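J.: Pasting in a structure now, in C-alpha cells, and then I'll have a few things to ask.
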Amino acid sequence: MMTINVGVLLAIIVVMRLRRRTQARSRVEERNTAFFVLALGIVIAPTPLGEGIFNVIKQLVSGISQAGA
C-alpha cells in the first residue's frame, strides 16, 4: 500500500499553483492558493523542520531589530 505525506502533497500543489502567470489568476484562485499555503504552514509547523524554520526566522528578526536600534 502506498502512502503520501500530506505536507509533500500540499507543497506540490502550492508550487504548481505559484508557477502560473499572475495575469491569468482570478480572485478565487488567489484565495485558494492562500488557503493551500496556510494549510501547508499548519501541517509543517509542529514538525522539527517547522520549528527549525521558526527559529531561523526568529533569529533573523531579532538581529534586524537589534541592528535598527
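The values are calculated or read from the model by the stated rules, or taken from the named source; none is laboratory data. All values derive from a computational prediction rather than experimental measurement. Cβ coordinates were reconstructed from backbone atoms using ideal geometry, including for glycine residues, and neighbour counts include every protein chain displayed. Protein only, heavy atoms only, side chains kept; ligands, DNA and RNA dropped before computing areas. Shrake-Rupley method; radii C 1.70, N 1.55, O 1.52, S 1.80 Å.
J.: Take the solvent-accessible surface of the protein heavy atoms, probe 1.4 Å, and return the percent of it on the chain that carbon and sulfur atoms account for. Present the calculation step by step, with values, prior to reporting the outcome.
T.: Values: 4020 of 5900 Å².
Carbon and sulfur together cover 68 percent of it.
J.: Could you tell me which residue out of A45, V56, A11 lies farthest along the dipole of the chain toward its positive end? Charges go on the beta carbon: Lys and Arg +1, Asp and Glu -1, centred on the Cα centre.
T.: Farthest along the dipole direction, towards plus: A11.
J.: Oh, and also: Just read off the accessible area of L18 with the full protein assembly in place, 1.4 Å probe, to the nearest 10 Å².
T.: Rounded to the nearest 10, that gives 100 Å².
J.: What does the C-alpha gyration tensor say about the overall shape of the chain? Classify as rounded when a/c is under 1.5, otherwise prolate if a/b is larger than b/c, or oblate.
T.: Details: a/c = 3.22, a/b = 1.36, b/c = 2.36.
Verdict is oblate for the chain.
J.: Let me ask you something else. To test your reading of the geometry: what angle, between 0 and 90 degrees and rounded to tens, separates the Cα axis of helix 27-44 from the longest principal axis of the chain?
T.: Relative to the chain, helix 27-44 is tipped by roughly 60 degrees.
J.: As a check on your grasp of the helix formula, calculate [θ] at 222 nm for the chain: sum -39500 (n - 2.57) over DSSP H runs of n ≥ 4, divide by the residue count, round to the nearest 500.
T.: -25500 deg cm²/dmol
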